[in-house]
Amino acid sequence: MHSFSYVNGILRCEGVDLNEIANRFGTPAYVYSSATIRDNYQRLDAALSPLDHLVCFAVKANSNIAVLSVLAKMGSGFDIVSGGELFRILKAGGRADRCTFAGVGKTREEIAFALREGVYSFNVESEAELARINEIAGELGLVAPIAIRVNPDVDAKTHKFISTGKSKNKFGIGLDRAAEVYEVAANLPHLKIRGVQTHIGSQILESGPFAEAAGKLASLVEKLKTTYDLEFFDFGGGIGIVYDEALESGSPAWWKQDGAPPRHITPEDYAAAIIPILKPLGLRILFEPGRFLVGNAGALLSTVQYVKQTPAKTFTIIDAAMNDLIRPALYEGWHEIVPLRQSSEEKNPMDVVGPVCESGDFFAQDRALPPLKSDDRIAVLSSGAYGFVMSSNYNSRPLLPEVLVDGGHYNLVRERQTYEDLVRGESIPH
């Protein structure tokens with residue numbers, strides 16, 4: 001679900017004309033829909049209602065504090081992977097005791113910060129990390145709550161860069177060693193075993209891998225619950241979203257794959273696959289969706305600069321670039337691209353590219369789109385997850401503004417960087 005649609009031929013986000021935002025704040029710019037975020041959260045929360053559960057938004061998907069505040073006000077917990085993300089949660093009005101702290105490379109400073117703030121649980125990825133958390137907790141005179149991330153060796157059938165649950169991935173402890181590592185944790189004096197965690201990947205569009213992971217882990221969780229009096233089982237995230245033709249047809253799909261029919265998974269599908277396996281555990285179940293809550297809630301607005309015709313291609317060059325939205329360049333992520341003014345003209349194939357000096361700086365290749373000309377505005381849809389958060393200053397391009405829409409109103413929730421911001425903190429030695 002999302003709140004971007006044409007009204008009288010003009011693309012709107014909820015009740016706001018996106019041209020108005022582009023006129024006021026310029027392009028490129030990110031725009032987010034509060035209604036979409038709320039609706040996605042409520043739908044998932046309702047689907048999971050047969051379970052004692054907590055939805056913990058994966059902050060890495062979109063860390064703007066205004067977006068985090070929308071979710072915090074709805075009662076969301078948070079899945080964090082850095083001390084900086086915890087800092088953002090606190091600034092947004094969230095609570096540390098509703099945060100799980102994941103990630104394979106937590107530093108001493110991050111662990112200490114999270115312990116002092118009272119984080120709900122560390123999702124531990126290795127025995128070395130267990131030892132480090134135990135040591136730091138002892139130095140602070142605290143007891144660290146932990147859950148060990150167990151890797152069930154499940155093929156999530158997603159892109160290899162966002163698959164995390166197979167034995168060859170860097171994450172977690174193998175299912176065959178989990179009981180042994182829990183015994184190690186139980187003998188460390190400054191740790192409290194609170195739960196078990198798993199996460200098999202991102203942008204998963206079938207319920208099968210989730211059911212397989214739940215089934216593989218259920219017996220282990222039951223044994224650990226008996227031995228260590230567990231409080232929760234953290235099942236991670238990974239629910240995929242609509243990227244392909246999300247606006248024009250409403251058909252749920254992903255990237256185009258060899259003419260295959262569209263694939264998708266709904267919150268109801270997801271819940272139906274896992275609830276029968278997870279409910280008998282008698283534990284609180286944590287979920288860590290990121291993309292599902294915010295992906296379709298965002299759009300990247302951009303303006304056409306030039307149209308370049310060659311014997312082989314039509315290149316439509318826009319003012320957004322791979323440093324603003326890296327998904328297409330990083331793993332050929334597919335985003336629907338539409339003009340802000342609806343067009344009925346015949347579509348023709350073109351490459352939509354940015355100004356960065358890399359051949360990988362593209363948003364679409366051989367995409368059939370209506371004719372575009374200089375100064376036309378477009379929207380790159382489904383950009384609310386892994387968009388701004390993965391952006392950079394490559395080619396010394398300032399970071400973009402972010403705008404949050406709520407009904408008929410909108411607010412600038414991050415200012416566009418200036419050229420002065422680019423060199424702030426730099427100096428030339430004397």
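Miscellaneous remarks
- Pairs where the first residue, in segment 336-354, is within 12 Å of A299 (Cα to Cα) and the second is surrounded by 12 or more Cβ atoms within 10 Å (Cβ to Cβ) and aromatic (F, W, Y), C-beta under 7 Å, 6+ apart: E336/Y243; I337/F363
- The sole residue among S359, S374, S383 that is farther than 16 Å from F315 by Cβ and polar (S, T, N, Q) is S383.
- Lone unmet requirement of (1) crowded, with 23+ Cβ neighbours inside 10 Å; (2) farther than 27 Å from L399 by Cα for F57: (2)
- Sole exception among (1) within 30 Å of D375 (Cβ to Cβ); (2) modelled with pLDDT of 95 or more for E248, by number: (2)
- Test: residue in segment 106-117 that is in contact with an Asp or Glu (Cβ under 7 Å, 6 or more places away or on another chain) and buried (at least 17 other Cβ atoms within 10 Å of the Cβ): yes
- Residue, nearest to the chain's Cα centre (by Cα), within segment 107-133, restricted to residues that are in a loop (DSSP other than H, G, I, E, B) and either hydroxyl-bearing (S, T, Y) or not assigned by TED's automatic domain parsing to the domain that holds F171 (or both): Y120
- Considering only residues in segment 190-200 that are under 16 Å from D153 (Cα atoms) and aliphatic (A, V, I, L, M), the one that is farthest from the chain's Cα centre (by Cα) turns out to be V196.
- Residues in segment 312-345 that are within 13 Å of D376 (Cα to Cα) and not in a loop (DSSP other than H, G, I, E, B): T316, I317, I318, I337, V338, P339, R341.
- Close Cβ contacts (under 8 Å, 6 or more residues apart or on different chains) running from residues in segment 182-196 that are buried (at least 20 other Cβ atoms within 10 Å of the Cβ) to residues that are among the polar types (S, T, N, Q) comprise Y182/T227; L191/N134; R194/S121; G195/S121.
- Screening G387 against (1) farther than 24 Å from Y32 by Cβ; (2) surrounded by 20 or more Cβ atoms within 10 Å (Cβ to Cβ) leaves a single unmet condition, (1).
Per-residue answers, yes or no, for (1) at pLDDT 95 or above; (2) in contact with a strand residue (DSSP E or B) (Cβ under 9 Å, 6 or more places away or on another chain):
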site: P145; (1), (2): yes, yes
site: H159; (1), (2): no, yes
site: K168; (1), (2): no, no
site: A185; (1), (2): yes, yes
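- Sole residue being touching an Asp or Glu at 6+ places or on another chain (Cβ under 9 Å) and either more than 15 Å from A297 (Cα to Cα) or among the hydrophobic types (A, V, I, L, M, F, W, C) (or both), chosen from P28, P50: P28
- Any hit, segment 60-71, residues being surrounded by 23 or more Cβ atoms within 10 Å (Cβ to Cβ), within 21 Å of K106 (Cβ to Cβ) and touching a strand residue (DSSP E or B) at 6+ places or on another chain (Cβ under 7 Å): no
- Identity of the residue in segment 201-239, surrounded by 21 or more Cβ atoms within 10 Å (Cβ to Cβ) and assigned to a loop (DSSP other than H, G, I, E, B), that ends up farthest from the chain's Cα centre (by Cα): L230
- Subset of segment 169-198 [hydrophobic (A, V, I, L, M, F, W, C) and in a loop (DSSP other than H, G, I, E, B)]: F171, L175, L188
The values are calculated or read from the model by the stated rules, or taken from the named source; none is laboratory data. All of these numbers come straight from a predicted model, not from anything done at the bench. Cβ sites come from the backbone with ideal geometry, for glycine too, and all protein chains shown count toward neighbours.
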